Structures are given as structure tokens and as C-alpha cells.
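The values are calculated or read from the model by the stated rules, or taken from the named source; none is laboratory data. What you see is a predicted model, and the numbers here were worked out from it, not measured in a lab. Reconstructed Cβ throughout: ideal geometry from the backbone, glycine too, with neighbour counts over all protein chains shown.
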Amino acid sequence: MNKGLISGLVLLVIGLVCGVLLAFVNSLTAPVIQENADRIVLESLGEVYEGASNYKLTEVAGTGNVVKVFYLNDKTSDETIAIIYSVKAEGYQSTVSMLIAIEMNSSNQYVVAGYKVVSQGETSGIGDKIVGYDFKMENEVITNLATFDAVAGATFSSDAVRTCFELVGLRVAADFGGAQS
């Protein structure tokens, strides 16, 4: 046999052995990596929905400006307890991204359980005041924006936050599987 053919066969065998070893290691580590990733996401979601880590997390890709939808289900009954939306809207000079948690209250209405601006690049000292601001939406029905309190002097940034709430309000009933508002 010629040396080129032997070298090629040796490389092929080494490649196959390495591929099998990598697949084996991946099968051992993938569940641990996924569990750690889920834990990190649940900790972040816990900032807008207390006790989020106590529920089973199902993450679904969103559409349009609803980037992701996180379903928090009871671990035993699999009932949807809350839905947390990752949404975005255009502010004055950047995209404003938020997490908005929704749950159903005792009157079968979808209420805001928590919210947080998670990223923005708005004007320093004006539009960036939306971070940590109380927009008066906690425990309010998501489709009722009458209580929404904008940041004075930050109209475009506040409008972006309001748009995020509106986006969630448009789809929450379908995501919970009903037609309540």
C-alpha cells in the first residue's frame, strides 16, 4: 500500500474514535448544561415573578416583538400558573427590552404580576429613567393601561414600555388557552 493511503486510513480511524468519544462526553454533559442554563433563566425570571424557580419552565420562541414566552407550570398538575414574556419595542434611540409576568387572578382576569426593563440604550439622565421605574402596572389587568404612569420628560422611552405592555395584552388570553381579558 502506498503511504498516502495508509496515512488517510489512520486519520479516518482517529477521526472516528474522536467523534465517538465526543458524542459520549456530550451525552453525559448535555443534561447538566441544560439544567444549569434553566436554573440561570429561572433565577432571572424570579426577579419579575417571585418563586419562579418552584415551577416547571417551558420556553417557547416568540414572534415579532414578543421575543420569548416562558410558561411556569405546576410541577404536579402541569397547570399554567404564570407566563413571563420577553418583549421589545423601539424607544427614542434604542430598543427597550422587558420581562413582563402575567398570572390569572381569582376573578379570571390576566394581571401583571411583575415587570422589569432588562435592557435599553436610552438617553442618559432622561430616557434611562425607565429602568426601575414604577409604571403603576403591578396587579393591574394587562389590557387596562389607564393606570400606566409614564416617566416625565421621557415620552418615547415610556411609549416603548407601554407598547411592551400592549403587546403582551394582545396575546395573553390565547397563551393561557382562554378568551378572558
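A few notes on this one:
- In the range 101-127, the residues that are buried (at least 20 other Cβ atoms within 10 Å of the Cβ) and within 18 Å of Ala150 (Cβ to Cβ): Val112, Tyr115, Val117, Gln120, Glu122, Gly127
- Comparison of Met98, Met137 shows that the only residue that is crowded, with 21+ Cβ neighbours inside 10 Å and assigned to a loop (DSSP other than H, G, I, E, B) is Met137.
- For the range 163-175, filtered to residues that are touching a residue at least 24 places away in the same chain (Cβ under 8 Å) and out of contact with any strand residue (DSSP E or B) (no Cβ under 6 Å at 6 or more places or on another chain), the residue that is surrounded by the fewest Cβ atoms within 10 Å (Cβ to Cβ) is Ala173.
- Count of residues meeting criterion [polar (S, T, N, Q) and assigned to a helix (DSSP H, G or I)] in the range 48-76: 2
- Where a residue in the range 56-78 is farther than 30 Å from Ser94 by Cα and modelled with pLDDT under 90 and its partner, wherever it lies, is among the polar types (S, T, N, Q) and surrounded by fewer than 15 Cβ atoms within 10 Å (Cβ to Cβ), with Cβ under 8 Å and at least six apart: Lys75/Asn54
- Residues satisfying the stated conditions in the range 147-181, i.e. of a type in the set (Gly, Ala, Ser) and either modelled with pLDDT under 90 or under 16 Å from Asn105 (Cβ atoms) (or both): Gly169, Ala173, Ala174, Gly177, Gly178, Ala179, Ser181
- Candidate set from the range 18-55 (those that are free of Cβ contacts under 8 Å to residues at least 60 places away in the same chain and in contact with a Phe, Trp or Tyr (Cβ under 9 Å, 6 or more places away or on another chain)); member that is nearest to Ser97 (Cα to Cα): Leu45
- Within the range 45-91, the set of residues being under 23 Å from Tyr133 (Cβ atoms) and among the hydroxyl-bearing types (Ser, Thr, Tyr) comprises Tyr49, Tyr85, Ser86.
- For the range 45-86, the set of residues classified as over 18 Å from Leu170 (Cβ atoms) and under 9 Å from the mean Cα position of the chain (by Cα) consists of Leu45, Glu59, listed by residue number.
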